[in-house]
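Q: Take a look at the following structure, please.
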Amino acid sequence: MEIKLEEIFQDKIDQEIKIEPRDWMPEKYRKTLLRQISQHAHSEIVGMLPEGNWITRAPNLRRKVALLAKVQDEAGHGLYLYSAAETLGMSRDEMLEELHSGKAKYSSIFNYPTLTWADMGAIGWLVDGAAIMNQVPLCRTSYGPYARAMVRVCKEESFHQRQGYEIMLTLTKGSEAQKAMAQDALNRWWWPSISMFGPNDDNSPNSAQSMKWKIKRFSNDELRQKFVDVTVAQAELLGLTIPDKDLKWNEERGHYDFGAINWDEFFQVVAGNGPCNKQRLKARVDAWENGAWVREAATAYAEKREAKANNQIEAA
Ligand code: FAQ
């Protein structure tokens, strides 16, 4: 019976029919999606912190408004994604409990510090740029609620990428000190950005099954290569140098070759030992604890309204 259901399920996937919350699905498909979507949601929420750090220090009102809007968008992305994950049977409270206890993962990239204003440019350009590369294919992922959430997320990410690139463009057209600041930000964010796509394909335990189920449409290495290929020209336009001496165009492959990623560092960061992991987690836990009174007040208000509505029904 289970085998037959699994065949029908795979058939639907092969025919590009979306899987919806009430459809039968293999338990492992549900768990894989819950893992990926909840990690993605956590990444959006934790991802507000490095840039949130600069809202009060933005150099002018226009920059402040744009950065504020961007950080708010990330909160929205987290909320759509938690909602999509909830359709798979786990509550938002449970997902947050996993984040706060350190059990759940979130993207490695958000464990690096934002040291200068140029980091706002580098994050928008590189981190949102990498996110777009990874997330546009997710608009066609096989699970309906995830795919639909990603359509809006990607539109907003594209504004974020331009916002960041424009900051870099302004800095690189500015004084020598501003140009140096932009180069320094690129130096620090380049390698973490290309690591963000995840381990190499031969060391990516989830990829094969996720590709078969069309949760992922491209492998980690394919997406990383696409990102490097489009970003090199953008760095040239800025007059900045990508910090990789092995980066060069390979005529035969029709792609850029690039240097070796420091996977030890990546796995250390994922394991909780990056430069800002503890700080990031503490900020999220504090926000949760300090917001307890809001949740209590909202619940009490909802109960009061419900009781009032019930009394009115009874009286009628
Ligand atoms: N960081 O077998 P794979 C954003 C883990 S949102 C930490 O290849 P998979 C927007 C992986 O979970 C950024 N852990 O795994 C924004 C797995 O561990 P597990 C987030 C990572 O799932 C911008 C293990 O390594 N985007 O940037 C990372 O098939 C600016 C083995 O890896 C998404 O979440 C990593 N970088 O492929 C916000 C997109 N990479 O769970 C604010 C959706 C891998 O088995 C400001 N997710 N790991 O214990 C995906 O596309 C996939 O989940 C991958 C990983 C590609 C991230």
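Q: Can you say whether Leu99 is of a type in the set (A, V, I, L, M, F, W, C) and either more than 9 Å from the ligand (Cβ to nearest atom) or not in a helix (DSSP H, G or I) (or both), as far as the supplied structure shows?
A: Details: of a type in the set (A, V, I, L, M, F, W, C): yes; either more than 9 Å from the ligand (Cβ to nearest atom) or not in a helix (DSSP H, G or I) (or both): yes.
Taking the combined requirement at face value, the residue satisfies it.
Q: Next question. Could you grab the pairs with beta carbons closer than 6 Å, sequence gap of 6+ or different chains, first residue in segment 104-117 and open to solvent by 30 Å² or more (accessible area, probe 1.4 Å), second one of a type in the set (Ser, Thr, Tyr)?
A: Qualifying pairs under 6 Å: Tyr106/Ser43.
Q: List every residue pair whose Cβ atoms sit under 9 Å apart, with the two residues 6 or more apart in sequence or on different chains, where the first one lies in segment 8-22 and is assigned to a loop (DSSP other than H, G, I, E, B) and the second, anywhere, is of a type in the set (Lys, Arg) and open to solvent by 50 Å² or more (accessible area, probe 1.4 Å).
A: Between residues of segment 8-22 that are assigned to a loop (DSSP other than H, G, I, E, B) and residues that are of a type in the set (Lys, Arg) and open to solvent by 50 Å² or more (accessible area, probe 1.4 Å), the close pairs are Glu16/Arg140; Lys18/Lys12; Lys18/Arg148.
Q: Inside segment 138-155, can you point out the residues that are in a helix (DSSP H, G or I) and either hydroxyl-bearing (Ser, Thr, Tyr) or more than 19 Å from Ala85 (Cβ to Cβ) (or both)? Lay out the reasoning, then the answer.
A: Start the filter on segment 138-155 by keeping residues that are in a helix (DSSP H, G or I), which leaves 138-140, 144-155.
The answer is Tyr146, Lys155.
Q: I'm checking my understanding of the structure. Among residues of segment 201-226 that are away from the ligand (no atom under 12 Å from the Cβ) and closer than 26 Å to Lys245 by Cβ, which one is most open to solvent (accessible area, probe 1.4 Å)?
A: This residue is Lys226.
Q: Here's something else I'd like to know. For segment 41-50, name all the residues that are open to solvent by less than 20 Å² (accessible area, probe 1.4 Å) and over 13 Å from Thr87 (Cβ atoms). Write out each step before concluding.
A: Initial filter on segment 41-50 (open to solvent by less than 20 Å² (accessible area, probe 1.4 Å)): 41-47, 50.
Passing the criteria: His42, Ser43, Glu44, Ile45, Val46, Gly47, Pro50.
Q: In addition: Which condition number in (1) open to solvent by 20 Å² or more (accessible area, probe 1.4 Å); (2) within 19 Å of the chain's Cα centre (by Cα) is the one that Gln15 fails?
A: (2)
Q: If you don't mind, there's one more thing I want to ask. Across segment 153-190, which residue is nearest to the ligand (Cβ to nearest atom) among those that are out of contact with any helix residue (DSSP H, G or I) (no Cβ under 8 Å at 6 or more places or on another chain) and under 25 Å from Phe266 (Cα atoms)?
A: Filtering first and then ranking leaves Asn187.
Q: Hey, can you tell me all the residues within segment 33-60 that are among the polar types (S, T, N, Q) and near the ligand (Cβ under 8 Å from one of its atoms)?
A: Looking only at segment 33-60, we keep the residues that are among the polar types (S, T, N, Q), and these are 36, 38-39, 43, 53, 56, 60.
Result: Gln36, Gln39, Ser43.
Q: Now a separate question. Filter segment 201-248 for residues that are without any contact (Cβ under 8 Å) to a residue 24 or more places away in the chain and assigned to a loop (DSSP other than H, G, I, E, B) and give the result.
A: Ser204, Pro205, Ser219, Lys245, Asp246, Leu247
Q: Being closer than 30 Å to Asp202 by Cα, in contact with a Lys or Arg (Cβ under 7 Å, 6 or more places away or on another chain) and surrounded by 13 or more Cβ atoms within 10 Å (Cβ to Cβ) narrows it down to one of Asp244, Asp229, Asp257, so name that one.
A: Values: Asp244 fails: in contact with a Lys or Arg (Cβ under 7 Å, 6 or more places away or on another chain); Asp229 fails: in contact with a Lys or Arg (Cβ under 7 Å, 6 or more places away or on another chain).
Every option except Asp257 fails the conditions.
Q: Moving on to the next point. Name the residues in segment 260-316 that are polar (S, T, N, Q) and open to solvent by less than 80 Å² (accessible area, probe 1.4 Å), would you?
A: Looking only at segment 260-316, we keep the residues that are polar (S, T, N, Q), and these are 262, 268, 273, 277, 279, 290, 299, 310-312.
Of everything in segment 260-316, those that are polar (S, T, N, Q) and open to solvent by less than 80 Å² (accessible area, probe 1.4 Å) turn out to be Asn277, Thr299, Asn310.
Q: For segment 287-297, state whether one or more residues are within 16 Å of the ligand (Cβ to nearest atom) and modelled with pLDDT of 95 or more. Spell out the reasoning first.
A: First, pick out the residues of segment 287-297 that are within 16 Å of the ligand (Cβ to nearest atom): 287.
Checking which are modelled with pLDDT of 95 or more leaves us with 287.
Yes, that holds for at least one residue.
Q: Taking segment 260-277 as the region of interest, how many residues are charged (D, E, K, R) and within 20 Å of Glu44 (Cβ to Cβ)? It would help to see each step written out before you state the result.
A: Here is the first cut: in segment 260-277, the ones charged (D, E, K, R) are 264-265.
Subsequent filtering for residues that are within 20 Å of Glu44 (Cβ to Cβ) retains none.
Result for segment 260-277: 0.
Q: Please determine whether any residue of segment 80-90 is among the aromatic types (Phe, Trp, Tyr) and open to solvent by less than 10 Å² (accessible area, probe 1.4 Å).
A: First pass over segment 80-90, keeping only residues among the aromatic types (Phe, Trp, Tyr): 80, 82.
After this cut, where a residue has to be open to solvent by less than 10 Å² (accessible area, probe 1.4 Å) as well, the list is 82.
Checking segment 80-90: at least one residue is among the aromatic types (Phe, Trp, Tyr) and open to solvent by less than 10 Å² (accessible area, probe 1.4 Å).
Q: Looking only at residues that are touching an Asp or Glu at 6+ places or on another chain (Cβ under 6 Å) and either at pLDDT below 95 or not hydrophobic (A, V, I, L, M, F, W, C) (or both) in segment 51-79, which one is surrounded by the fewest Cβ atoms within 10 Å (Cβ to Cβ)? Show your work before the answer.
A: Looking only at segment 51-79, we keep the residues that are touching an Asp or Glu at 6+ places or on another chain (Cβ under 6 Å), and these are 71, 73-74, 77-78.
Now restrict to residues that are either at pLDDT below 95 or not hydrophobic (A, V, I, L, M, F, W, C) (or both): 73-74, 77-78.
On the way: Asp73: 19, Glu74: 24, His77: 26, Gly78: 21.
Per the criteria, the residue is Asp73.
The values are calculated or read from the model by the stated rules, or taken from the named source; none is laboratory data. None of these values were measured; they are calculated from a predicted model. Glycine also receives a Cβ, built like all others from the backbone with ideal geometry; neighbour counts cover every protein chain displayed. The accessibility values were calculated without ligands, DNA or RNA, using every heavy atom of the protein model including side chains. Shrake-Rupley method; radii C 1.70, N 1.55, O 1.52, S 1.80 Å.
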